[in-house]
Each structure stands twice: as C-alpha cells, then as structure tokens.
Amino acid sequence: MKVFVTGAGGFIGGSIAAHLVHAGHTVSGLVRRPEQFAALEKLGIVPVQGDLADRETLTAQARAADATINAASSDHRGAVEALLDALEGSGKTLLHTSGSSIVGDASGGEATGRIYREDALPEPTADKAPRVAIDNLVLAAAARGVRSAVLCNTLIYGVGAVPGAASVQLPRLVSQAQKSGVMRHVGRGLNIWSNVHIDDVTELYRLALEKTPAGTFYFVESGEANFREMTTALADVMGLGAPQDWPLEAAIEEWGYEMASYGLGSNSRVRGERARVLLGWQPRRTSVTEWIRTEMPAVPVTRK
Ligand SMILES: NC(=O)c1ccc[n+]([C@@H]2O[C@H](COP(=O)([O-])OP(=O)(O)OC[C@H]3O[C@@H](n4cnc5c(N)ncnc54)[C@H](OP(=O)(O)O)[C@@H]3O)[C@@H](O)[C@H]2O)c1
C-alpha cells in the first residue's frame with residue numbers, strides 16, 4: 001500500500017511510518033522541519049515538507065495515497081477537515097490518532113474506580129470537548145465514503161523510531177526529576193492511566209490499515225498503572241529517592257495546565273476490546289513499570 005503519514009518526524013507518526021516501511025508498504029511522511037529529512041530517509045520514509053495548516057499539501061498527498069494516517073496532532077481540526085474532504089467518496093482509509101485524556105477526570109492525583117469502554121463513552125469535560133468533536137467528525141465520515149477510524153491511544157511508553165522523538169508523559173516526569181533531582185507526581189499520585197508500548201501501537205495501526213471496519217473507535221491499551229507506581233520505578237532506575245507529592249498548582253507551573261491536570265494528574269482508565277476482537281491485535285507488553293525497570297534507556301531522550 002502507498003501510505004501517507006502526518007507527524008512522521010514525531011514519536012507516534014515516525015514509529016508507525018518506520019514499522020509500515022518494514023512491513024513492505026511505501027510510506028511518505030509529512031514533516032515541517034527539513035533537518036529531519038535525512039533521519040526519515042534513513043528509515044525508508046519519503047519526507048514531504050508541510051504544515052497541518054497547508055490544505056493543498058494534505059489534499060494532494062491524501063489523494064495520491066491508498067491510505068492516510070494522521071498522527072501529528074489529536075487536536076488540529078483544520079487538518080482533519082482537509083483530509084476528510086480530500087478523501088470523501090473514495091472509500092480510502094483514514095486512521096486518526098486521538099488520546100484517552102478524552103475520558104480524563106482531572107482528579108489532582110486521586111484514584112477512581114471508573115473504567116470506560118468503547119461502546120459507552122462519557123460526556124467529555126469542557127477542556128476535552130473539542131478533541132471529542134474531532135473524533136466524532138472522523139467517525140461520521142464513514143457515511144461520506146471514507147473508511148475512517150479513530151485510534152484513541154493511552155499513555156504510550158517505549159523508544160520511538162525517529163532519533164530525538166519522545167513520548168508525552170514519562171519523559172516529562174523524567175526531565176522534571178533530572179532538573180530538580182526530585183521525582184514528583186501530581187498530588188498523591190494515586191491516579192491511574194491505561195498504557196501501551198509503542199511497538200504494540202505501531203502493529204495495531206498496521207492491522208487497522210488492513211482490516212478496520214469504517215467508522216470504528218478503538219481504545220489502544222494493554223495494561224494500567226498509577227503514577228506513584230510509575231514514578232517509583234523511574235526514581236529507582238534513576239537512582240533518586242522516593243517520589244514526592246506535588247500540589248497541582250506547582251505541577252501546572254512546571255508542565256502547564258493541560259499536561260498537569262490531564263496528562264499527569266487525571267485518571268484515564270479504559271478497556272480496548274475492539275482491537276483484539278476485530279483486528280486480532282495481540283499486544284506483547286503489558287507492564288509499563290516492568291519496561292521502566294528492565295528496558296528503559298539509562299538516560300531517556302528529553303523532549304524538545
Ligand atoms: N505519546 C503519547 O503517549 C500520546 C498518546 C495519545 C495521544 N497522543 C497525541 O498524539 C499526537 C502525537 O503525539 P506524539 O507523542 O507523536 O508527539 P510528537 O512526538 O510531538 O509528534 C508530533 C509530530 O507532529 C508534528 N506536528 C505537530 N504539529 C504540526 C503541524 N501543525 N504541522 C506539521 N507537523 C506538525 C511535530 O513536528 P515538530 O517536531 O516540528 O513540532 C512532530 O514531529 C499528539 O496530539 C499527542 O497529544 C500522544
């Protein structure tokens with residue numbers, strides 16, 4: 001297949017693109033920084049320079065490909081509208097990357113017993129309503145002749161394919177601790193997130209390209225942990241003392257409102273049955289803390 005991937009210089013998009021090349025697909029990838037071209041070419045990805053706001057580029061690339069994967073942003077509505085307009089009536093596949101903070105409860109580090117399933121999604125908070133609206137736009141495009149699907153990822157861990165690219169949550173915990181010498185979590189760190197390894201994520205995208213029914217929403221998860229468990233494992237491998245509680249206000253100062261309240265301070269507990277049932281997905285890793293303790297590179301890449 002000829003596949004067009006946005007965010008090909010990033011953690012998720014670059015890893016998906018490299019995995020698809022490895023599986024025998026021909027992949028072009030949107031990147032906005034020419035200095036990343038060489039790294040992409042080394043992975044066998046054909047770089048296309050452009051921004052998500054560049055409607056003409058998105059339209060031309062999506063139409064020239066057999067399938068499109070949007071992995072640059074879960075929140076860029078203009079790009080999604082452009083891709084759906086370009087693909088309308090074609091029957092071609094569009095996989096959109098969302099994130100499970102859409103069910104986040106901004107609990108300030110306290111736990112919850114609530115677990116969400118794919119067929120019973122909650123009303124989003126006001127903060128997350130725009131992201132959910134984009135997901136719904138993608139799903140509704142099944143009725144416009146697009147084989148569309150939303151892959152709603154949880155906390156992704158692991159090492160990405162593109163050098164220098166890093167995931168969202170764990171690297172932020174690590175870099176705060178590297179700076180301050182103290183590992184910290186939001187509030188008491190009892191809040192729980194579902195999670196998944198990047199290698200299992202990329203395999204799921206490959207399977208979805210081949211098999212997804214149109215208009216399907218997937219949660220992408222293969223385990224869960226609370227933040228105290230994750231920061232304890234990180235602190236241990238970094239040779240730091242026990243992780244400490246951090247008031248939400250201080251965490252917001254360090255990580256910003258969205259990241260502190262949702263990415264690091266909320267619960268996001270989900271179960272993804274469809275990937276297993278519809279696509280035959282069999283994730284190989286099931287424990288983020290085991291990965292931290294046994295596989296995480298000694299000095300993780302720090303996010304830009
Ligand atoms: N990692 C996770 O655990 C996770 C889980 C669920 C959902 N998500 C969501 O998935 C999306 C991708 O995440 P990621 O971890 O792969 O982040 P990332 O490593 O920052 O990758 C995003 C890539 O997209 C590019 N990009 C962003 N905005 C762009 C624009 N306007 N035009 C062209 N390229 C653009 C970035 O380019 P530059 O490098 O030039 O900025 C970067 O290469 C994010 O919206 C994230 O919130 C992530």
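Here, each number is a calculation from the coordinates, and none is a lab measurement. Being a predicted model, the structure only gives us computed values, none of them experimental. Neighbour counts are summed over all protein chains in view; Cβ atoms, including those assigned to glycine, are modelled from backbone coordinates with ideal geometry.
Summary of computed values
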{"quantity": "Volume per residue that the Cα convex hull of the chain spans, once the total is divided by residue count, Å³", "calculated": "119 Å³"}
{"quantity": "Region 128-175-region 212-238 distance, computed between alpha-carbon centres (Å)", "calculated": "13 Å"}
{"quantity": "Positive-end extreme of charge dipole, region 121-186 - chosen from Val162, Ala141, Cys152 (charges on Cβ)", "calculated": "Val162"}
{"quantity": "Nitroxide proxy distance, nm - points 7 Å out along Cα→Cβ at Glu35 and Val237", "calculated": "2.7 nm"}
{"quantity": "Relative contact order (%) - criterion: Cα under 8 Å, at least six apart; region: the chain", "calculated": "21 percent"}
{"quantity": "Under-20-angstrom lysine pairs by C-alpha in the chain, whenever the two are 8 or more apart or on separate chains", "calculated": "5"}
{"quantity": "Full-stretch length increase - Glu258, Gln49 - with 0.36 nm per residue and alpha-carbon distance subtracted", "calculated": "72.4 nm"}
{"quantity": "Helix 55-64 axis, angle to the chain major axis (alpha carbon atoms, nearest 10°)", "calculated": "70 degrees"}
{"quantity": "Inverse of mean 1/r across different Cα pairs in region 1-148, Kirkwood, Å", "calculated": "16.2 Å"}
{"quantity": "222 nm mean residue ellipticity, helices alone, for the chain (DSSP H n ≥ 4; -39,500 (n - 2.57); rounded to 500)", "calculated": "-10500 deg cm²/dmol"}
{"quantity": "Rg and Dmax of region 80-162, Cα atoms only, in Å", "calculated": "15.1, 46"}
{"quantity": "Share antiparallel - DSSP beta bridges, the chain, percent rounded to 5", "calculated": "10 percent"}
{"quantity": "Candidates Phe37, Phe227, Phe11, ranked by Gaussian network fluctuation over the chain, Cα under 10 Å, top entry", "calculated": "Phe37"}
{"quantity": "Antiparallel bridges, percent of DSSP beta bridges restricted to region 153-304 (to nearest 5)", "calculated": "35 percent"}
{"quantity": "FRET efficiency estimate (nearest 0.05) - Cβ-Cβ, Ser90 to Glu295, R0 41 angstrom", "calculated": "0.50"}
{"quantity": "Backbone N under 16 Å from the Arg284 label point (7 Å along Cα→Cβ), restricted to region 205-224", "calculated": "205-207, 222"}
{"quantity": "Rounded FRET efficiency, nearest 0.05, which uses the C-beta distance separating Arg188 from Ala120 and R0 of 25 Å", "calculated": "0.35"}
{"quantity": "Label-point gap, in nm, between Val277 and Thr112 - each point 7 angstrom along Cα→Cβ", "calculated": "2.3 nm"}
{"quantity": "When the convex hull of its Cα atoms is projected in every direction, mean area for region 219-304 (nm²)", "calculated": "7.0 nm²"}
